[in-house]
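Contents: one structure, followed by commentary.
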Amino acid sequence: MAGQVAYVLGGGSHGPARPGEPLPMGNGRAIALRLAAEGATVVVGDIDLGRAQATVAAQAGPGLAVAVDAADAASCQAAVASALGSFGRLDIVVCNVGVSGREPIKAQSVAEWEYSEAVNLRSHWLTAQAALEPMLARSRGAFVFVGSTAGLLSSRRSLSYEATKAAQLAVMRHIAVRYAARGIRANAVVLGVIDSPLVRREFGEEGAPARAAVVPMGREGRPEEAAAAVAFLASDDAGYVTGQSLIVDGGVSASWPTPS
Ligand SMILES: NC(=O)c1ccc[n+]([C@@H]2O[C@H](COP(=O)([O-])OP(=O)(O)OC[C@H]3O[C@@H](n4cnc5c(N)ncnc54)[C@H](O)[C@@H]3O)[C@@H](O)[C@H]2O)c1
């Protein structure tokens, strides 16, 4: 990826770090670090500029931290403009930002639905829309959307999360098919349970053994494993791959629940 410029929306991280590690490692941060390790210049956008700066400081190569509120349409567009203004091009855009909801259908509030929709879905298509034109001008660009198995399978938990993650895959496919003949690729990684600060914040560190027990591999995934899948889809190694959802879930979605 030497010479390429990538933008990661939601590339900070916060919450409990893994034991012995100074920096909390979420998916967005791991993706930025991996793309930088592959040689890309990485622009990191986050609602908290300090978190974005911490990612850029940890990157192997050069980068830029930008403040962006994914819930704000103009802010999403301005962040892409800032990346383009600084480096003149974008080769890779990773739409990672996402918030999980808590409310099943009877409790689903309009406020939480609208916030989830704005952050998990609208920010992604707005970011892609803002990045598209200059990519089309160069007949080159790769989008990777960070999805969730909640967009394919219901956990009976958050309606807004499941619905926005399902719709996110439709946005990905729309871009992929519409611009396939013009050098643009779009794909998604669909993540199962990843040992991230987000999961530890939401579900508690003490729940890790129970989370791992339902996974055929017997463990949670690591943000670095999510990042490796993103890096593949963003790279020229995936040159003939577009419109696809790569499921990274340790086998959960391949399994039929049976009593052991
Ligand atoms: N961890 C898992 O098990 C898991 C599973 C499936 C999917 N995912 C997906 O992974 C993605 C996020 O993973 P992560 O580990 O990077 O999460 P994270 O909670 O660490 O979030 C990354 C960053 O997003 C930023 N952020 C939050 N709201 C924002 C906003 N409105 N605007 C801009 N930035 C904002 C936070 O400041 C944080 O630094 C989400 O799309 C999530 O749905 C995670």
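The one condition from (1) of a type in the set (Lys, Arg); (2) touching a residue at least 24 places away in the same chain (Cβ under 8 Å); (3) within 13 Å of the ligand (Cβ to nearest atom) that residue 182 does not meet is (3). Applying the condition of being of a type in the set (Asp, Glu) and touching a Lys or Arg at 6+ places or on another chain (Cβ under 9 Å) to region 163-210 and asking which residue is nearest to residue 101 (Cα to Cα) yields 202. Here residue 231 fulfils each of the conditions (1) more than 12 Å from residue 143 (Cα to Cα); (2) assigned to a helix (DSSP H, G or I) apart from (1). Here is the figure for region 100-125: residues that are at pLDDT below 95, open to solvent by less than 50 Å² (accessible area, probe 1.4 Å) and of a type outside the set (Ser, Thr, Tyr) total 2.
Only residues that are more than 14 Å from the chain's Cα centre (by Cα) and either within 21 Å of residue 27 (Cα to Cα) or within 12 Å of the ligand (Cβ to nearest atom) (or both) were counted across region 98-125, and they come to 6.
Restrict the check to region 214-236 and report whether at least one residue is over 26 Å from residue 125 (Cβ atoms), more than 9 Å from the ligand (Cβ to nearest atom) and at pLDDT below 95. Scanning region 214-236, I find at least one residue that is over 26 Å from residue 125 (Cβ atoms), more than 9 Å from the ligand (Cβ to nearest atom) and at pLDDT below 95, so the answer is yes. The criterion of at least 1 residues that are open to solvent by 30 Å² or more (accessible area, probe 1.4 Å), within 12 Å of the ligand (Cβ to nearest atom) and of a type in the set (A, V, I, L, M, F, W, C) is met, among strands (runs of 3 or more DSSP E) falling completely within region 1-67, by 63-67. One residue alone among 213, 234 is more than 18 Å from residue 100 (Cα to Cα), open to solvent by 50 Å² or more (accessible area, probe 1.4 Å) and among the small types (Gly, Ala, Ser), and that residue is 213.
Among the residues of region 142-179, the ones that are in contact (Cβ under 8 Å) with a residue 60 or more places away in the chain, of a type in the set (A, V, I, L, M) and either crowded, with 24+ Cβ neighbours inside 10 Å or within 13 Å of the ligand (Cβ to nearest atom) (or both) come to 7 in all. For first residues located in region 37-57 and closer than 20 Å to residue 84 by Cβ, partners that are at pLDDT below 95 and open to solvent by 40 Å² or more (accessible area, probe 1.4 Å) and lie 6+ apart or on another chain with Cβ distances below 8 Å form the pairs 41/62. Can you find even one residue in region 75-97 that is open to solvent by 40 Å² or more (accessible area, probe 1.4 Å), closer than 19 Å to residue 165 by Cα, within 10 Å of the ligand (Cβ to nearest atom) and modelled with pLDDT of 95 or more? Taking every residue of region 75-97 in turn, none turns out to be open to solvent by 40 Å² or more (accessible area, probe 1.4 Å), closer than 19 Å to residue 165 by Cα, within 10 Å of the ligand (Cβ to nearest atom) and modelled with pLDDT of 95 or more.
Annotation: residue 232 fulfils all but one of (1) out of contact with any helix residue (DSSP H, G or I) (no Cβ under 9 Å at 6 or more places or on another chain); (2) without any contact (Cβ under 8 Å) to a residue 24 or more places away in the chain; the unmet one is (1). With respect to residue 243, determine if the residue is over 21 Å from residue 99 (Cβ atoms), away from the ligand (no atom under 11 Å from the Cβ), touching a Lys or Arg at 6+ places or on another chain (Cβ under 9 Å) and part of a loop (DSSP other than H, G, I, E, B). The answer is yes for residue 243.
The values are calculated or read from the model by the stated rules, or taken from the named source; none is laboratory data. Computed from a predicted structure; not experimentally measured. Positions of Cβ are generated from backbone atoms using ideal geometry, with glycine treated the same way; all protein chains shown enter the neighbour counts. Just so you know, the surface numbers come from the protein's heavy atoms only, side chains and all, with ligands and any DNA or RNA stripped out. Shrake-Rupley method; radii C 1.70, N 1.55, O 1.52, S 1.80 Å.
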